[in-house]
Amino acid sequence: METRRGARMVIDPKVRQVGFVTPGSELGRPAAPEPPGAAAPVPVVANSPSPVIIPLLLIPDTSSLRTTPLPVPSPPSRRVVAAPPADDSMPLGSYNPSDAILGSSQGSSERTGNNDKHGSAPTDSLADMSLSNASTLAIRLEGLNVTNDGISNVLSTSTVRSAVAAAPTSVEHAFQTSSGQGIIGSVPAVSVDMAAAANPQAGIDPRPMPLKDRTSKAERRAIQEAQRAAKAAAKGVGTDIAAIADGNVANEVKSSKPSSQKKGLSEKKPAVFSDKKPVVSSDKKPVVSSDKKSAEKASEKDKRKDIPAPRMQFDDEQRVAKAKRRSLIEQTEAKNRVELFRHLPQFLHGTQLPSLESKFFHEDPLHPHPSVFQVGLQYLTREIVGGNARCIAMLMAFRDMINDYSTPMEKTLVRDLTAKINSHVSFLITCRPISISMGNAIKFLKTRIASLPVTVSEFEAKHSLILEIDRFIQEKIVFADNEIVKHAVTKIRDGDVLLTHGSSCVVEMILVRAFELGKKFQVVVIDSRPRLEGKGLLRRLLGKGLHCTYTHINAASYAMQGVTRVFLGAASVLSNGTVYSRVGTACVAMVAHALGVPVMICCETYKFHERVQLDSICSNELGDPDALVEVHGRKDVYSLRGWADSKHLHVLNLMYDATPADYVSMIITELGMVPPTSVPVILREYRKVPYVM
Amino acid sequence: MKSEEEISRRRGEVSGAVTYEWLTQAEAARFHKDPDNFKPLRASSLVGQQQQRLSDEREGLFSVIDEFNLWRSKPELAEAVAAIKALTAVIQRSEATTMMGLEIDLKKASEALKAWDETSISLSAGCDLFMRYVTRTSALEYEDIVAGKARLIERGEKFGEISLKARQTIALLGKDFVQDGSTILTHGCSRVVLALLKLAASNGKHFHVICTEGRPKNSGVEMANQLLSAKIPVSLIIDSAIAYTMEKVDMVLVGADGVVESGGIINMIGTYQAALVAHSMSKPVYVAAESYKFARMYPLDQRDLPLAPCYVHFPGALPESVIAEVSTRDYTPPKYLTLLFTDLGVLTPSAVSDELIQLYL
């Protein structure tokens, strides 16, 4: 287990080298990071006729890195700074015109930012451009012919163009080589404008040529040095220093260029370069300029449109640290985290509460809407549990929020509201990880917001959104449940013994309805520690007058004998038919399967998800480990008191498990009874229309 | 030579991209160009209806059933098609002045038909299918009642052709699964299976068929007779010898009364047992069934099926206290089936549900 995870514990994104790699340079790269001070990069920018102006900040935003599982070459191209005033015809991104159009508004801001060198509008993907990646490129391209006309043209057209051209290449390269690490969108960001001024052709030609052969490693290096310089400048060193730095960059570029043309020397460069890299990354952290933030948001939004964001992996320290800084709530991490589940959030339960309470009267623009805040607290204290209840509560809170929403000045409703919902969702996630059904509901809401016509007034937009939310709750949850009940009761015959596990509201409705229809059957409620949710169900069923048996999951194999039907709820049904549900469901389903009892899963289709999951490990939720240790009402079971201090003890309180489709006889949805193999069909047929389902 | 070419061409037609929509296929169905074939029957039924119409209101329902029985008496006509024909007659006779009224009439008639024989799956599947077509055709709303009626009637007429076409398609698709020199076990008497085997034999395949006796209706004997008339070597076994015979069998080929949502089939009693034995001996079990037999039901076990009891003759006198428990059909779960030959293509059991979802939802 340890060894398996070992490889993934690496925090620094690494690029595996593929192809022709100089061994020396590869070895040199991961060398021990120098202390930040030692290698403080001389900030360098050229003061030659065509100085390289780097508007970017290098900020290790690993989170955004990870949100791009696909190579998206567009952002880098848009960030490439706009043409100099002299040359209006130059598209923003020198190789992707359409994208340039998209990014035009941003380009202008970049342009203004360029002048004072406070890295303007760096996108995350650029900002976290990992130097290692760039160096990779440099290494890759090393040894190729350099057809540079002169040192006087410090960064000639060819350099700039090749740098631009390099952007997609490196993206691809990173994608091929480092999928595991997720350095995907990182691209050397190059500002072209001055260079373009020097040679307008660079700007005019929107199509990047495969110019690998024209670029030298040294040039590349120069660019990166310059970027580093820009970053240092942005860090707050001040414009003056940056100006000085400019000169240094130029110097270095000049000095390095001839050397690169002598191929013999070139091998050293990557090593030197990579030595400095860790310094850079350590520098990056505290710098967050407001410009950068907005740009980041924008590009993030872009990406989210086409790519589902991967889940946060909590064994990634950088990201966790980042999330911590951002989060509204302070929470303490659990001490003895279960090794296998390190990627899941493991916080000490209840530690969020004080900070939440203290924040309640805090005036803060980032503060969540009171309704959302309340729902978040209710999630946290487990006052609201159950997929449907949580989803409805969240949607109602968002409804309130939208009702009270007014678009700030100079913002559009579509964008601002989406951002607002995102921040609220991340607040809810800190309270308790959201369920798949909630994720689907959020996706629905966001699609609705995004599809709002631009011409619609704010009032109308809000009104239609509220209607949509109401409709979603009605159709996807309330009516769906009624339909499920209608289908399911046909499967209950007189004399049946029905077994259920935990407490599912749909199953409860089914049982009550069948009872009201006068069917004669018995119910076995299987319960499991620590939540003992079955007790609530049992109480309600008994209140209605049903004949019940109550037992714990330990007795499942015994209780299953004589059972004729098993009805189970689900948190989600995944596209391979796997049922993701309250922990214990898989156990009950397997026992039932072994004894030949049909297992019926009752689940609304809005809970279906395209994801495929094979085990309960990669995505799950961890409950409070204390709950396992303590037994309510038993003072004598205290042998584990102070267990948290023991290094040798890991207590695992899983919330969900995955039941393979083999153990499921049928899935009852509002669309009818389908075998688990048909889940993808339903997903396909009913989500064609942008989330009508 | 030429005929072979033609066959392969036709096979290409059917096996290539057999995406299905009942309704579009209905459009394309021009196989059977002999509508006169059905005329006498309809005429006679119309006479019957006119006589009955004199009586009272409720007799409208009776006439549907009579109509259905009339159609069903035709040997080549499947039950589902007969049901559709009967419903078509209802349309013809309907005095409704609006499409809505027509729809209500149809609904009543189909309910009556279903209630008349609750056990028949293909009957209810046929009714559902036709009702589905009627309610789904949005174009009908814009037409006047006469045109709408004509269109529905035309559609109903075509179902008979579709039924024949489907059988041919299945035979074309399935005959390649019959290998030269193989032994095939079949259970019950199915027209589709018969068509498939006949086509395979006419294509020069040499194979041997083992028919079960098929109690209680002795349908296996009938099957054996039909096969013999097609000059296919047949041997007949008793139902209880399935396991005994299975080791020399290469594949099991059965028809189906109905194909249910799980991908399992409902067929003559004993199919489940044959499939179980075949499964345990790792022999493939193939099912030949037209897609109009796909039914929106999902039995979990045998008791989930509506009972279809029948009279069984037990030799010798039975003591009074003995209860003879007989059902005419059973449910075979999908995990015991290898493939289904349908006019939509050769499907795995799990693909049935996909087709059903697309058809009905």
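Here is how the numbers come out for the structure above:
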read-out	value
Those residues of region B:280-304 for which accessible area with every protein chain present is at least 40 Å² below the isolated value (1.4 Å probe)	B:Tyr298, B:Leu300, B:Arg303, B:Asp304
B:Glu325 versus B:Thr97: modelled label distance in nm, points set 7 Å from Cα along the beta carbon direction	5.7
Under 5 Å, built H, 5+ apart or other chain: amide partners of A:Phe608	A:Val573
Above-threshold pairs, the threshold being 28 Å between Cα atoms, out of A:Lys443/B:Lys107; A:Lys476/B:Lys85; A:Lys486/A:Lys535	A:Lys443/B:Lys107; A:Lys476/B:Lys85
Förster-model FRET efficiency, 45 Å R0, B:Lys108 and A:Lys520, C-beta, rounded to 0.05	0.85
Efficiency of FRET between B:Ala317 and B:Leu236 - r from beta-carbon atoms, R0 35 angstrom, step 0.05	0.80
Where labels lie 7 Å past Cα in the beta-carbon direction, separation of A:Glu339 and B:Ser229 in nm	7.5
Expected-Rg normalisation [2.2 N^0.38 Å, Cα atoms] applied to region B:179-275	1.01
Under 5 Å, built H, 5+ apart or other chain: amide partners of B:Asp343	B:Ser291
Shape of region A:559-622, Cα gyration tensor, a/c cut at 1.5	prolate
Rounded to whole Hz, the Karplus (6.51, -1.76, 1.60) HN-Hα couplings of region B:214-220, x for glycine and proline	x, 5, x, 9, 6, 5, x
Gap separating the Cα centres of region B:83-131 and region B:258-306, nearest whole Å	27
For B:Ser182, residues with placed amide H under 5 Å, excluding near neighbours	B:His208
At most 13 other Cβ within 10 Å, DSSP loop - chymotrypsin sites (Phe, Trp or Tyr not before Pro), region A:515-577	none
Accessible area in square angstrom per residue, region B:250-361, 1.4 angstrom probe	39
For region A:385-462: span of alpha carbons on each principal axis (Å, largest first)	38, 19, 17
Area hidden from solvent between B and A (accessible, protein heavy atoms only, 1.4 Å, total, Å²)	1400
Karplus-derived 3J(HN,Hα), 6.51/-1.76/1.60, for each residue of region B:248-263, Hz, glycine and proline x	9, 8, 9, 7, 10, 10, 10, x, 8, 6, x, 10, 9, 4, 6, x
Cα-projected label distance for B:Ser182 with B:Gln358, points at 7 Å along beta-carbon direction, nm	2.6
Residues losing 30 Å² or more accessible surface upon assembly, region A:483-532, compared with the chain by itself, 1.4 Å	A:Lys491, A:Arg493
Cleavage-rule hits, GluC sites (Glu not before Pro), region B:264-349, DSSP coil, Cβ neighbours within 10 Å at most 11	B:Glu320, B:Glu325
HN-Hα J in Hz across region A:667-678 - Karplus 6.51, -1.76, 1.60, θ = phi - 60°, x for Gly and Pro	10, 9, 10, 5, 8, x, 9, 10, x, x, 6, 8
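The values are calculated or read from the model by the stated rules, or taken from the named source; none is laboratory data. Remember, it's a predicted structure, so these values are computed and weren't measured experimentally. A quick note on method: Cβ atoms are made from the backbone with ideal geometry, for glycine too, and the neighbour counts reach across all protein chains shown. Just the protein is used for accessible areas: all its heavy atoms, side chains included, with ligands, DNA and RNA removed. Shrake-Rupley method; radii C 1.70, N 1.55, O 1.52, S 1.80 Å.
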